[in-house]
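Trainee: Following this message is one structure expressed as structure tokens.
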Amino acid sequence: MGSQDQHRPSKAERLAARAAKVQREAAGITDPEASEDALREAARLRVAAREVAAVERREQNARDAVDIDALRTERRARMLPGGSPLGGAA
């Protein structure tokens, strides 16, 4: 497998993994206060992961929209004589 086949985790994925790790560690803590703090931290990390994922999705959607618009413009230019939206000589 080439390096391009490897998936580099996004920031949201890294935060979610960290939240899961903190939550697993919290299960092994015997001090109730420390356990509660760890669970709070895990919850904070999950919320941050969701927020970052939403931002990442919006950014990807915006990039996709730009790409789609460029493809449509290119296709129209190839299909219409002279590249005019009305066709023929403009």
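Trainee: Do any residues in the stretch 35-63 that are acidic (Asp, Glu) have Cβ atoms under 8 Å from those of residues that are outside any helix (DSSP H, G or I) and surrounded by 13 or more Cβ atoms within 10 Å (Cβ to Cβ), where the two are at least six apart or on different chains, and which pairs are they?
Mentor: GLU56/SER10
Trainee: What's the number of the only condition in (1) in a helix (DSSP H, G or I); (2) surrounded by 10 or more Cβ atoms within 10 Å (Cβ to Cβ) that ILE29 fails to meet?
Mentor: Failed condition: (1).
Trainee: So if I check each of ALA70, ALA89, ALA20, which one is modelled with pLDDT of 90 or more and either surrounded by 12 or more Cβ atoms within 10 Å (Cβ to Cβ) or in a loop (DSSP other than H, G, I, E, B) (or both)?
Mentor: Just a single option satisfies the conditions, and that option is ALA20.
The values are calculated or read from the model by the stated rules, or taken from the named source; none is laboratory data. In this text the structure is predicted, and so the values were computed from the model without any measurement. Counting neighbours? That spans all protein chains shown, and the Cβs are built from the backbone with ideal geometry, glycine included.
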